[in-house]
1. So which helices (runs of 4 or more DSSP H) are wholly in the stretch B:141-248 and hold at least 2 residues that are more than 24 Å from B:THR100 (Cβ to Cβ) and open to solvent by less than 20 Å² (accessible area, probe 1.4 Å)?
2. (1) polar (S, T, N, Q); (2) closer than 30 Å to A:ILE94 by Cβ; (3) open to solvent by less than 20 Å² (accessible area, probe 1.4 Å): which one isn't true of A:GLN279, the others all being true?
3. So which residues in the stretch A:120-178 are touching a residue at least 60 places away in the same chain (Cβ under 8 Å), of a type in the set (S, T, N, Q) and in contact with a strand residue (DSSP E or B) (Cβ under 7 Å, 6 or more places away or on another chain)?
4. Taking the residues in the stretch B:1-49 that are buried (at least 24 other Cβ atoms within 10 Å of the Cβ) and charged (D, E, K, R) as candidates, determine which candidate is nearest to the other protein chains (Cβ to nearest Cβ).
5. With the condition being of a type outside the set (Lys, Arg) and closer than 17 Å to A:GLY44 by Cβ, I'd like the helices (runs of 4 or more DSSP H) fully within the stretch A:188-301 carrying at least 1 qualifying residues.
6. Mind counting the residues in the stretch A:228-242 that are surrounded by 23 or more Cβ atoms within 10 Å (Cβ to Cβ) and facing chain B (nearest Cβ under 9 Å)?
7. Which members of the stretch B:104-123 meet the condition of being outside any loop (DSSP other than H, G, I, E, B) and open to solvent by 50 Å² or more (accessible area, probe 1.4 Å)?
8. Hey, does the stretch A:24-31 have a residue that's open to solvent by less than 70 Å² (accessible area, probe 1.4 Å), touching a strand residue (DSSP E or B) at 6+ places or on another chain (Cβ under 8 Å), modelled with pLDDT of 75 or more and assigned to a helix (DSSP H, G or I)?
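The values are calculated or read from the model by the stated rules, or taken from the named source; none is laboratory data. Just so you know, these numbers come straight off a predicted model, no measurement behind them. All Cβ positions, even for glycine, are placed from backbone atoms using ideal geometry, and neighbour counts span all protein chains on display. We work out accessible area using only protein heavy atoms, side chains counted, and drop any ligands, DNA or RNA first. Shrake-Rupley method; radii C 1.70, N 1.55, O 1.52, S 1.80 Å.
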Amino acid sequence: MKRRNLLAGAAIGLGLSLTSGAAMAQGLDHVKACFIYVGPIGDGGWTYQHHQGALALKEEFGDKVDIAWQESVPEGADAERAITQFALDGCNIIFTTSFGFMDATQAVAAQFPDIKFEHATGFKRDQPNVSTYDARFYEGRAVMGTIAGHMTKSNKIGYIGSYPIPEVIQGINASYIHAKKVNPDATMTVVWAYTWFDPAKEADAAKALIDQGIDVILQHTDSTAPLAEAAKVEGVIGFGQASDMSAYKPAPRVSAIIDNWSPYYIKRVGALLDGSYAQSAAWEGIAGGEVEIGEITEAVPAEVKAAAEKLRDDIAAGTYHPFTGPLNKQDGSEWLADGVVADDAALATMDFYVEGITGDIPK
Amino acid sequence: MIIGGIDIAVLMASLMVGSVPILLAALGETVVERSGVLNLGVEGMMIIGAVSGFIAAVTFQSPILGFLAGAACGAAFSLIFAFLVLVLQANQVATGLALTLVGIGISSLAGQGFNGIKPPVTGAVPMGPLRDIPFLGPMLFRHDWVVWFGLAMVAVTWWLLNRSRAGLIIRAVGENHEAAHALGYKVNRIRLLCILFGGAMAGIGGAYISLVRVPQWTDNITNGIGWIALAIVVFASWRPGRVLFGAWLFGGLLVLGPNLQAAEYRIPVEYLSMAPYLITIVVLVVMSARKGARMGAPASLGQNFHASR
């Protein structure tokens, strides 16, 4: 009896997936694309850039696409409610744009097999209707690290981390490796803010770093507060995060990592419209246009700028990978042998500092 | 003086700056609650002050006008609460919560187009040679005027509540509004003035966040500071002196976290993040566990008054 039910269920499931598969192959006439944002659109950083991508959809497809979004959705139980609401509201594809939405996305996706889910910066694709997409931010961090190593006078570089997740740890390691490469005396101090967006907390973190004599600040949090804090002290520089943050040009913001999600969003919604959509795990970088290096300002000497741009171009051309051996882990054990390049699986689960960075990664 | 890799003078200075928004908002709320009104809309009034102060300061290129606008708009915004609670006799808890939600929404709307702009700088008060005194100079004499204003307001509020006739009336209204009414005091008028004061103080506190502490406008910039201010009022058992202590404790713990990390102490970040809240709970438990001790809450707190009853 049990087995028969099971088989029947399986048959129904198969039938459903076949019909939905067939419908998919024909494509949709009209797509409602919905976005879950972790911060406010006005953050001037991460969420702002995702929203630019969403607006680009509207521009690209016009009447064929509707967009909807919800701002400042907390990571946690509330996210599941917000995603479910979109699923019930007739969204065809839902983009959940923060790492912390990972489990909520999986849970809702299981209940709505006909809706496509796209989770940013995650790695779980348990459900067939969940795809993930990410950008190789560490490529940009390598370029920032090069500038940081050249520019620091105190040889102390600070890094404001958000959460100890692989994406952030990649960024810390990539920037440290490349700062060290051009300035062997450079050290890096990491402060964990445990938030993606909290201007006051980010300002506190930046201030604490500056008080410690740090004169170059990298940030993996989304507001411009650390730059505003850097602007108060002569000679301290920082970098735009996610967005260009051009209000702080030419200093303290000397360059920026810009996330450009538009190409990916247009590609995915376009695929849904023409019927070629399939589950995927996208991870593009500088070469794919998802990571851009913001203008390097005149506060940076010409030769440093040239070195940074060369690194950027080498990464884009594929002739150089930011994680190329010889590299050791923090405890001194070998991670990558000479000339070996880190594979994506190792990067996606990175949970250790490279040799030379002090401090522990919070668990 | 450097202890364990942290410059104490600099830490104290950032503590004083960091606690200003909490201090101002909590002082205002202390007066409001002493008059028997529970206004949970502090967060909303703060963010209204933050956005209006920012807009005014940027438009007129004057931080002073920014703070004045923050105070005026915070007070004006608290009028909504006053009208609902004092005139329409709405539930104070629900109205206060609604005020916060509305405030966050309005500020987000009003702040459109003000993202990424830098406000005019609120400079330090010129203290002349005092600036260069070792230790005390960087700790005390390099602050902007709002820090001093906050400290002065602690004294003013204390004097107002404990030493002035007006304070006696406010406390009478807060302890027993029926009796105060029988004595001929206009209960709701007094409460209205207290609510406006609370709104103005929260507004200045909010403006301090957007003009000095995080000199920029972004949505939801207050990010819960108003709720901390509310907790501190209870923490301080409704006394201005203890409000200062509470604000410094909270402000201190908030700035100590990143400083300990930057000095490479190996304390788990999670403990630092939860410390302010943990300490509040502990203090509240200790205070309420003392036998026979009154928490100090005004007896009519949260109750509406209508003369017909």
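1. Result: B:145-163, B:165-175, B:177-182.
2. (3)
3. Result: A:ASN129, A:SER131, A:THR132, A:THR152, A:ASN173.
4. B:GLU43
5. Output list reads A:199-211, A:225-231.
6. Within the stretch A:228-242, residues that are surrounded by 23 or more Cβ atoms within 10 Å (Cβ to Cβ) and facing chain B (nearest Cβ under 9 Å) number 2.
7. B:ILE104, B:ILE106, B:LEU109
8. Scanning the stretch A:24-31 turns up no residue that is open to solvent by less than 70 Å² (accessible area, probe 1.4 Å), touching a strand residue (DSSP E or B) at 6+ places or on another chain (Cβ under 8 Å), modelled with pLDDT of 75 or more and assigned to a helix (DSSP H, G or I).
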